[in-house]
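Here, each number is a calculation from the coordinates, and none is a lab measurement. What you see is a predicted model; the values in this text were computed from it and never measured. When we count neighbours, we look across all protein chains shown, and the Cβ atoms used for this are built from the backbone with ideal geometry, even at glycine.
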Amino acid sequence: MRILLDCHEVLADFTGAALKIHGYSRKEFEALPSYTPGAWDLARLLGLSDEDFWYPINRAGEGFWRDLLMLPEAPYLIHWLDTQRLSPVSAIEEWYIVSSPSQHSSGYAGIRAWVQEHLGMDWNRLVLTNHKHLLANPDTILIDDSESNTAQFERARGNAILYPAWCNHLHACDDPLDYTLKNLDHFLKC
């Protein structure tokens, strides 16, 4: 099996950085009348147009993406995947990061810089695309926080695990790592 791991909201805290650049803490964001756990569109929840949402992010350039904080569960998920990949009895052949960059060119360079900083300069298993479903096949599992991405991937005959996050219906899950590993284990035993 090949594992495709989304970067933002699975490994890196895009939401926290986007809120900060717009002048909100997570607590202030969650107190907004428009805040709805499980709703995907951060711009709309902040009352912004797409243009107004992306403007300060694009203006910050590569540094916005490079400086994203790693989510607390990410090192454990990465370690688990690496351990499984190196095991002679594991069904995991390889794992990749698959990320949907912004439309601004700085997103591509910034995501690459983030991956190199957190996973090493020689790490070369990064795929940048807004069309993750094109990578779907029965021997591939996508782990992503987007319900839309996971549904498209499954429609394209791939396997998908929705990663619990504030922006999907699994937002109340207490342990996203445990949930994900249990689902991975299920797929790997099939």
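For a quick check of your reading of the model, give me the residue pairs whose first member lies in segment 161-174 and is closer than 18 Å to ASP13 by Cβ, whose second is part of a loop (DSSP other than H, G, I, E, B) and aromatic (Phe, Trp, Tyr), with beta-carbon atoms closer than 8 Å and at least 6 apart or on different chains. Matching pairs, first to second residue: CYS167/TRP40; ASN168/TRP40; LEU170/TYR163. The single condition from (1) surrounded by 15 or more Cβ atoms within 10 Å (Cβ to Cβ); (2) within 17 Å of ASP145 (Cβ to Cβ); (3) aromatic (Phe, Trp, Tyr); (4) out of contact with any Asp or Glu (no Cβ under 9 Å at 6 or more places or on another chain) that TRP80 fails is (2).
Got at least one residue in segment 12-33 being under 21 Å from THR140 (Cβ atoms), aliphatic (A, V, I, L, M) and under 13 Å from the mean Cα position of the chain (by Cα)? There is no residue in segment 12-33 that is under 21 Å from THR140 (Cβ atoms), aliphatic (A, V, I, L, M) and under 13 Å from the mean Cα position of the chain (by Cα). Taking each residue of segment 118-131 that is without any contact (Cβ under 8 Å) to a residue 12 or more places away in the chain and looking for partners that are part of a loop (DSSP other than H, G, I, E, B) with beta-carbon atoms closer than 9 Å, six or more apart or interchain, yields HIS131/SER100.
Going by the structure shown, is TYR108 more than 21 Å from LEU11 (Cβ to Cβ), surrounded by 13 or more Cβ atoms within 10 Å (Cβ to Cβ) and without any contact (Cβ under 8 Å) to a residue 40 or more places away in the chain? So TYR108 fails the test.
Results for (1) more than 20 Å from ASN168 (Cα to Cα); (2) free of Cβ contacts under 8 Å to residues at least 60 places away in the same chain; (3) in contact with a strand residue (DSSP E or B) (Cβ under 6 Å, 6 or more places away or on another chain), shown as yes or no for each residue.
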| position | (1), (2), (3) |
| --- | --- |
| CYS7 | no, no, yes |
| PHE14 | no, yes, yes |
| GLU30 | no, yes, no |
| ALA39 | no, no, no |
| GLY47 | no, yes, no |
| ARG59 | yes, yes, no |
| PRO75 | yes, yes, no |
| THR83 | yes, yes, no |
| LEU86 | yes, yes, no |
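When segment 140-190 is limited to residues that are within 19 Å of THR83 (Cα to Cα) and not in a helix (DSSP H, G or I), the one that is nearest to the chain's Cα centre (by Cα) turns out to be ILE143. With respect to being surrounded by 16 or more Cβ atoms within 10 Å (Cβ to Cβ) and either of a type in the set (Lys, Arg) or over 22 Å from GLY63 (Cβ atoms) (or both), TRP95 fits the description.
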